[in-house]
Structures are given as C-alpha cells and as structure tokens.
Amino acid sequence: MLKKIILVIVALLGLAAIVPYLLPKPNLNGRIPDQPFDDSRFGQIDGIRLHWRERRVEDSPALVVLLHGYGASAFSWRHTLDALEAAGYHAVAPDLPPFGYSERTADGPDWPALVTALADRVAPDAPLILVGHSMGVGVGSDVAARLPGRVERLIMVDGVPNIGRNRGPVGWFLALPPVI
C-alpha cells in the first residue's frame, strides 16, 4: 500500500513538472508589452522601470495602494480596482519587482521606498490606505512605519507584518529563526 502511495505521489510530481511545458507561450519574444492593460502605467522610480495599474477618480478621499503577495502581480487586484473605482477611490496596484511587468533587477529593490515614491508621484499629498496581501502585508507595514502621519489605514489580508525588523526590547527575539 505504501509503495502505491509513493508511486502516485511521484507520478503527480512528474506531471506537475511537465505540465508547464505543455502550455502555450505568449509570443512576446522576451519583451514587456507597452500597454498590457487599459489602465497600465509605466515609470522610472528609483532607477527601476515600474509597472502599475491605476484608476484615477476626482475628489477621492484617499489613495488606495494595493500590494500583491509573493509570486503574484497587480493583475490579482483587477476586480478590487473595479470596486474601488466604483466607490469613488483613486487606486493603484503596483507590480512589485521582480513580479508582473516591472523590471527585474539583480538586487532586490527597497519595496517600501518604491511604494512611497509611487504614491508621491500619483497623488503627492493624499492620505494613504494600504491594502496588503501575503507578502504585501510586510511591505505595507514598512510603509506605514515610515509614514505614520500619512497612512490612514493598513489593511492586512492573510499576511504578517515585518515585526522581526522591530528594534524594540523584544525585536531581537522576534528576528530569530523559527525552531521546529
């Protein structure tokens, strides 16, 4: 019985490894499209070509910044962008490098600095509402820590803030690797 279970697991892993090669590839010839979506924007921010999706609404009470999780992209927020636009909010969803259509760099960028620079670019003095999913929660919590007077709300969806970076009395303890 154990041999059958192991055989099934090995077969499923083999199938999972092969299936991506069977899917059709988009014919982009290794380049990023100029306008992947109707609401796509590109710009140089901190020396990185950043892609974001933006829905601009006049008289918005705040700028809503949607931060995706690890391995995702701004595409993850497409329905949320629609809902926020309908509710009267100016919203942006950046592709945090190296994900989505943003430039891939050898060194990992300072995501909170990129998010702050993007917010300054699209809505210079607007209050911020940050919505982070998974990895985006950590990015959002870092932005909130850097801009406490500007961030009105931090909404965390299925993620953990970067509490390990806390330099307070127990920060060193929280930064230790987990023991299992």
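Read-outs throughout are calculated quantities, based only on the coordinates presented, and are distinct from any laboratory measurement. Being a predicted model, the structure only gives us computed values, none of them experimental. In this analysis, Cβ positions are derived from the backbone assuming ideal geometry, glycine residues included, and neighbour counts consider all displayed protein chains.
A few notes on this one:
- Protection proxy ranking for 33-46, 93-106, 129-142, using the average of other Cβ atoms within 10 Å per residue and placing the highest first: 129-142, 93-106, 33-46.
- Value of Rg to Rh for the chain (Rh from inverse mean 1/r over Cα pairs, i.e. Kirkwood): 1.07
- Extension gain, Asp120 to Ala11, is 34.2 nm, computed as 0.36 nm per intervening residue step minus the present C-alpha separation.
- Efficiency of FRET between Asp59 and Thr105 - r from beta-carbon atoms, R0 45 angstrom, step 0.05: 0.80
- Inter-part distance, segment 26-104 to segment 113-136, computed on C-alpha centroids, equals 11 Å.
- Positive-end residue of Ser102, Leu81, Gly71, charge dipole of segment 36-174 with Cβ unit charges: Gly71
- The chain - mean residue ellipticity at 222 nm from DSSP helices (-39,500 (n - 2.57) per run, n ≥ 4, rounded to 500): -10000 deg cm²/dmol
- Of the GluC sites (Glu not before Pro) found in segment 1-89, those in coil by DSSP whose Cβ has at most 16 other Cβ atoms within 10 Å are Glu58.
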